[in-house]
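In what follows, a structure is listed as structure tokens, so that the remarks can point back to it.
The values are calculated or read from the model by the stated rules, or taken from the named source; none is laboratory data. Predicted model only: the values in this text are computed from it and were never measured. Positions of Cβ are backbone-derived with ideal geometry, glycine not excepted, and every protein chain shown enters the neighbour counts. To get the accessible areas, we keep the full protein, side chains included, count just its heavy atoms, and leave off ligands, DNA and RNA. Shrake-Rupley method; radii C 1.70, N 1.55, O 1.52, S 1.80 Å.
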Amino acid sequence: IDKENFELTKQILAEKDLNEKVDYITSTGESYSNVLNELLFHVVNHSSYHRAQINSELKILGLKPLITDYVFYKRQ
């Protein structure tokens, strides 16, 4: 999955105009527009938020937090 996502990300960056406006509807039914580079930044930033939430819950349960840094798994 990681490799597929990485390849798709590279394809988007190579083929799309990052200043392209994207119209979308949220899960609450509200309509918005943002440019693609803002949406891509949001995805990366928001995933960090959820990783932190998971590790906070693990700590509360007395469990060791997971290593979630991408670079950790890519080290040689």
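Probe radius 1.4 Å, ligands and nucleic acids ignored: give me the carbon and sulfur share of the accessible area of the chain as a rounded percent.
The computed percentage sits at 59.
Rolling a 1.4 Å probe across the protein heavy atoms gives the chain an accessible surface of 90 Å² per residue. Neighbours of residue 65 by Cβ distance under 15 Å: Lys/Arg scored +1, Asp/Glu scored -1, total +1. Here the stretch 22-47 is scanned for amide nitrogen atoms under 16 Å from the site 7 Å beyond the Cα of residue 16 along Cα-to-Cβ, giving 22-26, 32-47.
Using just its DSSP H runs of length 4 or more, each adding -39500 (n - 2.57), the chain gives a mean residue ellipticity at 222 nm of -19000 deg cm²/dmol after division by all residues.
Placing +1 on the Cβ of each Lys and Arg and -1 on the Cβ of each Asp and Glu in the chain, which of 8, 68, 43 has its Cα farthest towards the positive end of the resulting dipole? About the Cα centre, the residue reaching furthest to the positive side is 68. With bins 10 Å wide beginning at 0, the percent of Cα pairs of the stretch 1-69 falling in each bin runs 17, 33, 31, 16, 3.
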